[in-house]
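Colleague: Here you go, one structure.
The values are calculated or read from the model by the stated rules, or taken from the named source; none is laboratory data. If you're wondering where the values come from, they're calculated on a predicted model, not measured in any experiment. Please note: Cβ atoms are built from the backbone with ideal geometry, for glycine as well, and neighbour counts cover all protein chains shown. Quick note on the areas: whole protein, heavy atoms, side chains included, nothing else; ligands and nucleic acids left out. Shrake-Rupley method; radii C 1.70, N 1.55, O 1.52, S 1.80 Å.
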Amino acid sequence: MQVLAIPALFIIGNEAWIGYGLILILVGYAFVLWHAPSRAKAMAQVASQLGLHFEPIMSRAQLGIKGTTFDVGYPGENCMRGMIAGRDTLIFDKTMLIEPVGRPSEDNATTEQTIVGFHVSADTPCRNHGILQPSDWHVEKLGEWVFVYGKTGLIKPRKIPAYVEEARAWFAKSIDPKR
């Protein structure tokens, strides 16, 4: 986001100029915010390019994440759902907790993460990566969904297709009984 800088020329002398200056500053900021590209708009465009349905917010129940290790009670944002490579796929942003290192009494901070989910049958075997063993990616199965995410936080909208492909590779590795 760009910051709009207006010189303090309006704050010299007359109180009326102060009011006009503040109004101009507020109008300038409103203009910048109105025209700045939002993540939601960019994610909606990506969803359209991928042929997916976009929802700005979906509940935990709609996403099927209740009970996962990353569910801390917040809904998913910038949610996309549809078929990718013949599999029902979810892509969404999620607020997650960051566990404090060495200080259990410290308040937990939150971070945001882009997560990819793949629909599977309930009896599909899956090895959870990153939860029970160190990994650059986390893979977790819950019911009929396998959720995959890296350690990179929110993924830029233009990089979502590549991120989904990388997540698909980890997903395939986690359900392959030979690996």
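Colleague: Every residue in the range 63-79 that is out of contact with any Lys or Arg (no Cβ under 8 Å at 6 or more places or on another chain) and over 18 Å from residue 44 (Cα atoms), please.
Modeller: Within the range 63-79, 64, 67, 68, 69, 72 qualify.
Colleague: Still on this model: In the range 138-148, how many residues are open to solvent by 20 Å² or more (accessible area, probe 1.4 Å) and either of a type in the set (A, V, I, L, M, F, W, C) or more than 22 Å from residue 66 (Cα to Cα) (or both)?
Modeller: The qualifying residues number 2.
Colleague: Residues in the range 149-179 that are part of a helix (DSSP H, G or I), among the acidic types (Asp, Glu) and open to solvent by less than 50 Å² (accessible area, probe 1.4 Å): how many?
Modeller: Going through the range 149-179 one residue at a time, the tally reaches 0.
Colleague: When only residues in the range 88-98 that are in contact with a Phe, Trp or Tyr (Cβ under 7 Å, 6 or more places away or on another chain) and at pLDDT below 95 count, which is least open to solvent (accessible area, probe 1.4 Å)?
Modeller: Across the range 88-98, the extreme among qualifying residues is 94.
Colleague: Please go through the range 75-86 and give me each residue that is touching a residue at least 40 places away in the same chain (Cβ under 8 Å) and loosely packed, with under 14 Cβ neighbours inside 10 Å, ordered by number.
Modeller: 85
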